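Below is one structure, written out as structure tokens; comments come after it.
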Amino acid sequence: MKKVVVIGGGAAGMMAAATAAQKGCRVVLLEKNDKLGRKLFITGKGRCNLTNACDMDGLFGNVVTNPKFLYSAFYGFDNRMAMEWFEKAGCPVKTERGGRVFPVSDHSSDVIKALAGQLKQWKVETRLGVRAESLVTVPGEEATEAGSGGMDCAGAAVGVKAAAGPQAHKCRMPEKAKAVAGVKLADGTVESADAVIVAAGGLSYPLTGSTGDGYRMAAENGHTVKATYPSLVPFIIKEGWCGQLQGLALKNVAISLCEDGRKPFYEGFGEMLFTHFGVSGPLILSASSYYAGRKKKGAVRLHLDLKPALTAEQLDKRLLRDFEENGKKQFKNSLGGLFPAKLIPVMVMLSGIDGEKKTLEVTREERQHFARMIKNVEMTVAGTRDYAEAVITKGGVHVKEINPSTMESKKVGGLYFAGEVLDVDAMTGGFNLQIAWSTGYLAGSSAAPRKA
Ligand SMILES: Cc1cc2nc3c(=O)[nH]c(=O)nc-3n(C[C@H](O)[C@H](O)[C@H](O)COP(=O)(O)OP(=O)(O)OC[C@H]3O[C@@H](n4cnc5c(N)ncnc54)[C@H](O)[C@@H]3O)c2cc1C
């Protein structure tokens with residue numbers, strides 16, 4: 001029986017372990033925490049948005065980095081299959097606004113229970129509180145790559161010469177310098193393995209166990225690790241007035257991000273929140289996916305349109321009407337119909353108009369300038385918050401060095417990667433977990449021997 005060791009008992013690792021075991025491998029799952037799925041437990045605010053019920057275009061369209069790499073993974077185990085998998089594993093699911101899929105119970109613990117149930121059913125040896133230290137490799141012979149030549153050669157064992165015959169050349173991969181032979185644990189012992197799946201996650205929310213061990217192991221074995229950044233993360237804003245708005249949530253606003261006055265590299269619409277350090281909320285987290293890794297950090301400006309449904313002219317007419325109706329009121333007291341109370345002092349300050357003066361005395365130029373400003377409140381992005389507040393890590397193991405049809409390393413025979421450790425990331429909405437399920441499933445199936 002082929003022995004597969006999986007490093008990491010998170011979403012991708014549990015899926016990979018259950019799949020490899022179901023397909024006939026002896027599987028050992030190593031998790032350094034004393035519990036499985038610590039991060040999964042906190043996903044979706046404890047409800048776990050486990051996937052998205054969109055169509056295939058939606059699935060690919062919501063992957064920000066390297067969507068094409070995920071072609072085989074998504075087609076081999078898509079969102080429908082993931083939903084069915086969880087239903088069958090005893091976790092019924094439901095679909096909410098925006099196609100977001102949750103367990104019917106609204107408890108992420110039920111997603112973890114379903115995965116743990118499958119690990120038990122397929123007799124995976126789960127070892128908790130065990131930290132994988134490094135990979136053990138041996139010089140590679142003529143390593144073959146599972147699945148490299150298509151369906152008919154899936155699962156060829158690593159280190160075994162490709163069978164002679166017409167298919168042989170199809171299955172043969174360039175020789176790999178080494179092949180994996182096991183995993184060295186933190187206590188110094190070695191868990192031997194015919195294949196190893198690294199599913200150790202990224203760097204975000206390190207308290208859940210994701211501390212970058214997978215990147216280190218990949219790099220130690222000749223893989224390129226693309227620079228990592230916190231992503232799906234709040235922005236730190238330079239302008240001090242943001243802090244005055246702490247706690248203020250805005251709905252139906254539009255934002256764009258620009259570098260040095262150039263064309264926007266991100267435009268979005270939705271909800272955002274002011275915090276003591278800057279801005280957060282769903283719209284900002286999405287924007288951060290496109291900010292991470294930009295070279296000229298600090299020169300990025302965030303433009304906020306507080307009234308995206310109105311053109312500047314329509315807004316000016318509205319202001320004119322409001323100002324006429326409230327002519328005797330002070331300017332600062334005439335804006336209640338336009339903005340939440342907390343925002344008014346900041347808007348008055350930014351407008352440069354004397355808040356004490358009567359609304360009737362506001363000049364046409366001042367009013368038009370104010371209308372333009374409402375549609376373009378500018379902020380300077382000074383950076384993002386740290387990994388401790390980032391939903392995901394951008395960057396990771398370079399996908400050019402991984403076979404997309406199997407998730408196997410092109411450098412080390414028998415070594416597979418799955419989940420956030422790879423240089424793939426997606427928007428919120430269940431897409432990051434779908435990446436974990438799909439790549440975990442593909443790595444688990446590819447590591448398993450093919451059926452005769
Ligand atoms: C607050 C929060 C909410 C989120 N909500 C959602 C959501 O609703 N929907 C969604 O799609 N995505 C969500 N995500 C993202 C999603 O959780 C991740 O994309 C996903 O968990 C990645 O899975 P993974 O298995 O690759 O990594 P992880 O889930 O991080 O699992 C990696 C595991 O490996 C273990 N490990 C690490 N190193 C070692 C080692 N050396 N030895 C042994 N074990 C090791 C870790 O302890 C950990 O358990 C959320 C993330 C956060 C932080």
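No value in this document is a laboratory result; all are computed from the given coordinates. All figures in this text were calculated on a predicted structure; none of them were measured in a lab. Reconstructed Cβ throughout: ideal geometry from the backbone, glycine too, with neighbour counts over all protein chains shown.
Observations on the model:
- Within-15-Å neighbourhood charge of residue 342 [Cβ basis; K, R +1; D, E -1]: +2
- Taking amide H atoms as placed 1.01 Å from N in the peptide plane, the amide H of residue 413 lies under 5 Å from those of 178, 179, 180, each 5 or more residues away in sequence or on another chain.
- When the alpha carbon gyration tensor of the stretch 348-403 is reduced to an equivalent ellipsoid, its three semi-axes come out at 48, 14, 7 angstrom, largest first.
- When you restrict to C-alpha pairs under 8 Å that are six or more residues apart and normalise by the size of the stretch 196-319, the relative contact order lands at 24 percent.
- Modelled FRET efficiency - R0 25 Å, residue 378 with residue 310, Cβ distances, 0.05 increments: 0.85
- Per-residue ³J(HN,Hα) for the stretch 19-30, Karplus 6.51 cos²θ - 1.76 cosθ + 1.60, θ = phi - 60°, Hz, x for Gly and Pro: 5, 4, 5, 4, 8, x, 9, 7, 10, 10, 10, 9
- Residues 372, 97, sorted so that the one with the fewest Cβ neighbours within 10 Å comes first: 97, 372
- Alpha carbon Rg of the chain, scaled by the compact-globule rule 2.2 N^0.38 Å: 1.17
- Amide proton proximity set for residue 49, modelled H, under 5 Å, gap of 5+: 44
- Of the trypsin sites (Lys or Arg not before Pro) in the stretch 1-42, the ones in a loop by DSSP (not H, G, I, E or B) with at most 15 other beta carbons within 10 Å are 35.
- Of 68/375; 94/411; 35/94, pairs whose Cα-Cα distance is over 31 Å: 68/375; 94/411
- Where labels lie 7 Å past Cα in the beta-carbon direction, separation of residue 294 and residue 96 in nm: 3.0 nm
- Length added when fully stretched, residue 388-residue 186, from 0.36 nm per residue minus Cα-Cα: 70.3 nm
- From the largest down, the stretch 1-102 spans 41, 30, 28 angstrom on the principal axes of its Cα atoms.
- The label-point distance for residue 330 and residue 34, in a model that sets each label 7 Å from Cα toward Cβ, rounds to 6.0 nm.
- Diffusion coefficient, µm² s⁻¹, Stokes-Einstein with Kirkwood Rh over alpha-carbon pairs of the stretch 234-385 at 10 °C and 1.306 mPa s: 99 µm²/s
- Mean separation of Cα contacts under 8 Å, 6 or more apart, over the residue count of the stretch 234-385: relative contact order %: 32 percent
- Likely footprinting exposure, 213, 425, fewest C-beta neighbours within 10 Å first: 213, 425
- Here the spin labels are modelled as points 7 Å beyond Cα on the Cα-Cβ line, and at residue 366 and residue 68 they lie 5.7 nm apart.
- Theoretical FRET efficiency, 1/(1+(r/R0)^6), r = Cβ-Cβ of residue 120 and residue 356, R0 56 Å, to 0.05: 0.20
- ³J(HN,Hα), Karplus 6.51/-1.76/1.60, whole Hz, each residue of the stretch 70-86, x for Gly, Pro: 8, 3, 5, 4, 5, 6, x, 8, 8, 5, 5, 5, 5, 4, 5, 4, 5
- Contact order relative to length of the chain, as percent, for alpha carbon pairs under 8 angstrom and 6 or more apart: 25 percent
- Backbone amide hydrogens, once placed in the peptide plane, bring residue 197 within less than 5 Å of 5, 6, 7, 416, excluding anything fewer than 5 places away on its chain.
- Sequentially through the stretch 427-440, phi angles give Karplus couplings (6.51, -1.76, 1.60; θ = phi - 60°) of 6, 6, x, x, 6, 5, 5, 4, 4, 4, 5, 5, 6, x Hz, Gly and Pro residues having no value and appearing as x.
- Here the extension length gained between residue 107 and residue 267 equals 54.3 nm, from 0.36 nm per residue of separation less the Cα-Cα distance.
- Least to most buried among 262, 100 (fewest other Cβ within 10 Å first): 262, 100
- For a modelled paramagnetic label at residue 349, 7 Å from Cα along Cα-to-Cβ, the residues of the stretch 216-242 in reach, with backbone nitrogen under 15 Å, are 237-242.
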